[in-house]
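Every number here is computed from the coordinates shown, using simple stated rules; none is lab data. Since the model is a prediction, treat every value here as computed from it, not as a measurement. Note that each Cβ is placed from the backbone with ideal geometry, even for glycine, and that neighbours are counted across all protein chains shown.
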Amino acid sequence: MKEGRLTKKKAAPRTPAMPTALDQARDELFSHILRCGVLEAAAEHQKEWLDDTMQYLGERYSLTPEQLTQVRALGDRFCQPVVKRVAATTEPEAEPVAVGQE
């Protein structure tokens, strides 16, 4: 009779994947946005700043035009304000009725 294992066999530890140039550019862009105060800037200043930053990141990481477009789209979305959802069926509150005045 064989003895059964009481614990699962452990899988070999994963080797961490090296981040791609696209991943590094994205992370650096997000970091720059937060450090430089781009979120508080006017839309026209954000666009100008992102244009300059995209040129820098493209040269630094040797990104293709498609990769630059992807990083730019992520940066644009990151700079957008958070939109709070409003309940679709909000009813006005009823006015309180005083006791004895119905």
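Taking the simple approach of a point 7 Å from Cα along Cα-to-Cβ for both D23 and K47, what is their distance in nm?
Those two pseudo-labels are separated by 3.4 nm.
Of the listed peptides 18-30, 58-70, what is their order by residue-averaged count of other C-beta atoms within 10 Å, with the highest listed first?
Highest-to-lowest ranking by the protection proxy: 18-30, 58-70.
Okay, which of segment 6-35 sit inside 17 Å, backbone N to the point 7 Å along the Cα-Cβ direction of T64?
Counting backbone N atoms under 17 Å from the label point, the list is 20-26.
Cα extents of segment 21-79 along the three principal axes, largest first, in whole Å?
29, 18, 17
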